[in-house]
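The values are calculated or read from the model by the stated rules, or taken from the named source; none is laboratory data. Since we're looking at a predicted model, the values are computed, not measured. FYI the Cβ positions are ideal-geometry reconstructions off the backbone, even for glycines, and counts take in every protein chain you see. These accessible areas exclude ligands, DNA and RNA; they are computed on the full protein's heavy atoms, side chains included. Shrake-Rupley method; radii C 1.70, N 1.55, O 1.52, S 1.80 Å.
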Amino acid sequence: MPVVSIEHLHVHYGPIHAVRGISLEIPQGEVYGFIGPNGAGKSTTIKVLATLLPNFTGTARINGIDVAANPRAIREQIGYMPDFFGVYEDLNVREYLHFFAAAYRIPRKQRKTVVGNVLELTDLTHKISDQVDSLSRGMKQRLALARVLLHDPQLLLLDEPASGLDPRARIEVRELLKALTEMGKTILISSHILHELAHLCTRVGIIEAGQMVAQGSLEDIYRQLQLMRIVHVRLVGADEAVLEKIREIEGVENVEQQVDRIAIRLRDNPAAVETLHESLCSLGVRIHMFQPEAMDMETAFMKLTEGKTA
Ligand code: ATP
């Protein structure tokens with residue numbers, strides 16, 4: 001049974017049709033990246049799963065439990081991190097986490113241990129006596145994650161956990177998410193930045209104007225779109241004759257001499273990169289660098305969404 005199962009979800013806010021027939025499934029242990037521009041309907045879909053939007057049509061289930069019919073049972077199984085961290089004045093980190101541990105009805109005797117564990121996991125132990133307000137944005141995000149881990153939920157619903165973070169804080173959040181997947185959590189994570197999720201997610205769903213425009217592994221999406229791949233190479237003593245030979249290699253679409261490298265554009269084919277490498281070796285040239293470009297997901301996104309907005 002999938003952990004998350006959504007079928008034909010529709011959500012209206014008055015006249016606004018924010019979610020228009022979204023269906024998705026997330027099996028246990030997967031990290032599902034929900035990607036789309038502002039206003040696409042990501043937060044709305046996540047809020048439905050978090051039992052915060054009762055007025056929707058279609059079905060939403062978590063571990064087979066109907067979200068609309070059993071919100072209480074659902075809340076025990078999920079950790080929801082909203083896109084905005086609420087304001088908590090005059091609370092330090094210890095008080096903040098103990099407050100939520102009480103709200104999650106964790107027995108009083110266990111709270112200290114539980115709070116200690118989540119602080120350790122999020123690397124905030126040294127901040128336990130600091131005011132929540134005084135934390136940096138990255139630390140606040142980690143604290144928000146610590147909070148949703150208190151009751152050890154199986155499913156994490158994380159709405160833009162890395163937004164507004166500097167590169168270091170972003171990497172820290174990414175590392176933390178990796179640790180959580182290793183613990184066997186199932187994660188739904190949203191972002192409007194594709195490459196932020198590319199290395200983390202086992203599957204992605206691209207949503208635009210309330211509709212799912214593509215779904216699958218990054219490889220699947222890449223293949224669906226038949227995007228070109230680019231391989232950057234540096235060859236010792238490459239001259240025009242060598243470039244000409246490269247152009248003749250099967251699967252090569254074009255070859256461009258750049259300042260310090262040659263950019264080789266390949267037609268889509270799962271083995272194209274390996275074939276290119278073998279062919280270059282058989283040409284007898286010495287390879288100083290061979291670097292397939294990371295998937296060009298920004299192009300994929302533009303191609304998929306065509307700039308529609310809700
Ligand atoms: P973002 O990246 O900006 O958070 P999103 O993909 O999460 O975007 P949603 O917040 O789900 O998008 O918004 C989807 C649509 O619903 C938008 O057009 C938004 O303006 C509208 N919307 C969201 N919340 C409300 C609300 N409470 N009342 C009215 N309209 C809303």
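Annotations for the structure displayed:
- Residue among Ser191, Ser163 that is touching a residue at least 12 places away in the same chain (Cβ under 8 Å), surrounded by fewer than 21 Cβ atoms within 10 Å (Cβ to Cβ), farther than 16 Å from Gly79 by Cβ and small (Gly, Ala, Ser): Ser163
- Segments classed as helices (runs of 4 or more DSSP H), wholly inside segment 1-104, with at least 1 members that are more than 16 Å from the ligand (Cβ to nearest atom) and buried (at least 20 other Cβ atoms within 10 Å of the Cβ): 71-77, 93-103
- Contact map, segment 236-252: first residue under 10 Å from Leu283 (Cβ atoms), second residue of a type in the set (D, E, K, R), Cβ cut-off under 6 Å, separation 6 or more or different chains; the map is empty.
- Meets criteria (open to solvent by 10 Å² or more (accessible area, probe 1.4 Å), assigned by TED's automatic domain parsing to the domain that holds Ala102, within 16 Å of the ligand (Cβ to nearest atom) and in contact (Cβ under 8 Å) with a residue 12 or more places away in the chain) for Ser129: no
- Boolean, Ala169 is crowded, with 18+ Cβ neighbours inside 10 Å, of a type in the set (Gly, Ala, Ser) and closer than 21 Å to Leu52 by Cβ: no
- Count of segment 231-267 residues which are loosely packed, with under 15 Cβ neighbours inside 10 Å and in a loop (DSSP other than H, G, I, E, B): 9
- Picking from residues in segment 213-230 that are open to solvent by less than 70 Å² (accessible area, probe 1.4 Å) and part of a loop (DSSP other than H, G, I, E, B), the one that is modelled with the highest pLDDT is Ser217.
For every residue, the table says whether it meets (1) within 12 Å of the ligand (Cβ to nearest atom); (2) hydroxyl-bearing (Ser, Thr, Tyr).
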{"position": "Arg168", "(1), (2)": "no, no"}
{"position": "Arg174", "(1), (2)": "no, no"}
{"position": "Lys178", "(1), (2)": "no, no"}
{"position": "Gly184", "(1), (2)": "no, no"}
{"position": "Leu188", "(1), (2)": "no, no"}
{"position": "Ile193", "(1), (2)": "yes, no"}
{"position": "Thr202", "(1), (2)": "no, yes"}
{"position": "Ile207", "(1), (2)": "yes, no"}
{"position": "Val213", "(1), (2)": "no, no"}
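- Taking the conditions (1) of a type outside the set (S, T, N, Q); (2) over 21 Å from the mean Cα position of the chain (by Cα); (3) modelled with pLDDT of 95 or more in turn, Ala60 satisfies each one other than (2).
- Segment 119-158, subset assigned to a loop (DSSP other than H, G, I, E, B) and farther than 20 Å from Met183 by Cα, residue modelled with the lowest pLDDT: Ser136
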